[in-house]
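As structure tokens, the structure follows; a few thoughts come after it.
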Amino acid sequence: MATVNPTLKQSADLSAGDTDLNRRVLTLIGSFRLIVAAAMLLVAVLQTDPIFLGGRYPLLFITTACVYCLGSMTIALVLRGEQAHTRQLAWLQLVVDIACITLIVHASGGIGSGLEALLVVFVVASAMTLSARSSYFAAAIAALAVLLEQTPDRLYAARLASPLVLGRGDGENFIASDIPAILSYTRSMLFLEDGEIAELSAEGIRIENATGETVQRQPKNITWSAAMAEKEGYKHFMLKEINEQPRAITDTLRGRISLEHGDVTLDEVPLLTPEAIAGIRRILIIACGTSYHAGLVGRLWIEKFSGIPAEVDLGSEFRYRDPLLSPDTLVVSISQSGETADTLAAVKTAKEEGCKVLSICNVVDSSIARTSDGVLYTHAGPEIGVASTKAFTTQLTALYLLALAMGKATGGLSTQELAIKVDALAKVPGLVEHALHSDAAIRDVAERYYRASDFLYLGRWLNYPIALEGALKLKEISYIHAEGYPAGEMKHGPIALIDEHMPVVVIAPRDKVYEKIVSNLQEAKARHAVVIAVGEEGDNELREHAEEFIPMPACSEESLTPLLTVVPLQMLSYHIADIKGTDVDQPRNLAKSVTVE
Ligand code: F6R
């Protein structure tokens, strides 16, 4: 039996006639439009039409030809799998369409004879229909599964830009948008590439590329178990995933650190051998959302341990700033899903500029993983809750390993320093486990503040990105407005917001900026803020300064505190959302994989 999983992403308005549209049809339409555009230009230039042109309409034909050209460009971009500019082009087409009508009305001094009016209506209508049509394709082509009435024992699937997974079962095969959806049926999976079409029957799977050639592809064995994609008694996936963090971090460390030798080895990735690292002069980290916050922390670790300059950019901004790249820049992309359109596009841009790309990714064989030169996998297991939790802490773990490996290769860390850090890192899963014990106390805090309409999160240095992450977690699942801020910046603006109704979450582990952040806390208190402090167990000074105190375990390595401070913030968001009764796992307007720009 061939099965389509109900979670498959379908393009919203595909009618029966549209389902068999594929690349060849698009190519045909694109070519047709180019020919029409060329013909119109020729007519305009030669002015051969004495009846209708009369010297007044060449501009109309030139403009219409432009509309057709833009349509072809849109289609060409869609066919290349680049959705980057298609929407802008579609809008541009509309603007040109409107300009076209204005010109016509102007040129004809009001529409004159019936024949002229007919010509005008025909040309404009056909241009607008075709431009709308190509915009429609641009939006609609994503990932499709088609069942034809004539062949009910067969399923057809096509992929362009959005992920599509094929599962191989015993006497049955599957199509899904994501691995977890079919994990309980099979772990043997194939991944379609852009432009490929698959035919599934109970007996087998056949894949063809855009030119109709058969593609031979071996299935991958996914190591995630079906149970991993179930709630296993937890009320929500997010809660389960928060609690899975000790295991997920351990899995991400496994085989990469040696306690015996106080060492870290990432030789599984050829880009990260000591010799390869020696050639790196600059690191550029690219990611979106929560993964971007992980990148902000990772940057500080990399610079501190290795001395290699590092910067971080958002996938959605990177391409538009004319990035200065050189082959000795290592681009590090971070993505849980490996399908985020903005991050993927940034990776492609970096590769076009000749940079090597290392990805930190959770999903094996995802688009970003396949496009990169090397992948450092996080082993978080499937993350189903839309709000990222265990993916974040495993990304931090992978980045810490990367920073240590770089510090070792550049000599930024001595053998002894490396051993101390490796030892502290190995203790993190146990400390995270310990942090989870504050659950009941955090629920109490949530009960007291879930009605607040705004929260401010303050952190400094390594915990400034954690303030951003805490605020993001709260707003995405509880719909409460929250802002993360570097605590030192508070006095440059946000302090004006503070009053007795504003809970201010202050992240204050005992690190090198502890005194500074305690003084920021006092500034907030002086403005009557309700301070919720996240600090180390036994920190009575902090407890006295704050209305609420959420304890976290102390860590021997101050650089590792982000892995611990983020856990209570995840729990605080979870409990606030749960008390408010929002949809924790699937918050409104959000998707787990953001495959559109
Ligand atoms: C927030 C969240 C998102 C993702 C972002 C990037 O909880 O999950 O902000 O982090 O959409 O997704 P990935 O990591 O899959 O590229």
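The values are calculated or read from the model by the stated rules, or taken from the named source; none is laboratory data. This one's a predicted model, so the numbers in the text were calculated from it and none came from an experiment. Reconstructed Cβ throughout: ideal geometry from the backbone, glycine too, with neighbour counts over all protein chains shown. Surface areas here come from the heavy atoms of the whole protein model, side chains and all, with no ligands, DNA or RNA. Shrake-Rupley method; radii C 1.70, N 1.55, O 1.52, S 1.80 Å.
Hey, does the range 581-589 have a residue that's under 27 Å from the mean Cα position of the chain (by Cα) and away from the ligand (no atom under 16 Å from the Cβ)? Checked against the condition, which is being under 27 Å from the mean Cα position of the chain (by Cα) and away from the ligand (no atom under 16 Å from the Cβ), the range 581-589 yields at least one hit. Just to be sure before I move on: is Ala471 under 23 Å from Glu244 (Cα atoms), at pLDDT 95 or above and not acidic (Asp, Glu) in the structure I sent? Against the criterion (under 23 Å from Glu244 (Cα atoms), at pLDDT 95 or above and not acidic (Asp, Glu)), Ala471 qualifies. Identification of helices (runs of 4 or more DSSP H) wholly contained in the range 358-452 with 3 or more residues that are open to solvent by 30 Å² or more (accessible area, probe 1.4 Å), of a type outside the set (S, T, N, Q) and more than 30 Å from Glu548 (Cβ to Cβ) yields 415-426. Which residue pairs have Cβ atoms closer than 6 Å, lie 6 or more positions apart in sequence or on different chains, and pair a first residue in the range 430-452 that is in the same structural domain as Leu569 (by TED's automatic domain parsing) with a second residue that is open to solvent by 70 Å² or more (accessible area, probe 1.4 Å)? What qualifies is Tyr450/Lys580.
Among the criteria (1) over 25 Å from Gly279 (Cβ atoms); (2) open to solvent by 10 Å² or more (accessible area, probe 1.4 Å); (3) in contact with a Ser or Thr (Cβ under 8 Å, 6 or more places away or on another chain), the one Lys351 does not fulfil is (1). Do we find a residue being at pLDDT 95 or above, closer than 22 Å to Ala229 by Cα and within 14 Å of the ligand (Cβ to nearest atom) anywhere in the range 348-360? Yes.
The conditions of being more than 16 Å from the ligand (Cβ to nearest atom), charged (D, E, K, R) and over 19 Å from Thr393 (Cα atoms) are met by Arg321.
If I filter the range 272-295 down to residues being of a type in the set (A, V, I, L, M, F, W, C) and open to solvent by 30 Å² or more (accessible area, probe 1.4 Å), which single residue comes out as farthest from the ligand (Cβ to nearest atom)? Among those that are of a type in the set (A, V, I, L, M, F, W, C) and open to solvent by 30 Å² or more (accessible area, probe 1.4 Å), it is Ala278.
Which of the following residues is away from the ligand (no atom under 16 Å from the Cβ) and either small (Gly, Ala, Ser) or surrounded by 12 or more Cβ atoms within 10 Å (Cβ to Cβ) (or both): Lys220, Lys240? Steps first, answer last, please.
On the way: Lys240 fails: away from the ligand (no atom under 16 Å from the Cβ).
Within the list Lys220, Lys240, the selection yields Lys220.
The requirement of being at pLDDT 95 or above, within 22 Å of Asp454 (Cα to Cα) and more than 16 Å from the ligand (Cβ to nearest atom) is satisfied by Ile532. State yes or no: is Pro323 in the same structural domain as Lys348 (by TED's automatic domain parsing) and either at positive phi or open to solvent by 60 Å² or more (accessible area, probe 1.4 Å) (or both)? Here the answer is no, as Pro323 does not meet what is asked. Every residue in the range 363-392 that is touching a His at 6+ places or on another chain (Cβ under 8 Å) and either more than 11 Å from the ligand (Cβ to nearest atom) or within 19 Å of Ala226 (Cα to Cα) (or both), please. Scanning the range 363-392 gives a single hit, Gly385. Helices (runs of 4 or more DSSP H) fully within the range 493-597 that include at least 1 residues being closer than 21 Å to Leu472 by Cβ and in contact with a Phe, Trp or Tyr (Cβ under 8 Å, 6 or more places away or on another chain): 562-580. If you filter the range 326-347 down to residues that are of a type in the set (A, V, I, L, M) and open to solvent by less than 10 Å² (accessible area, probe 1.4 Å), you find that the one that is nearest to the ligand (Cβ to nearest atom) is Ile334.
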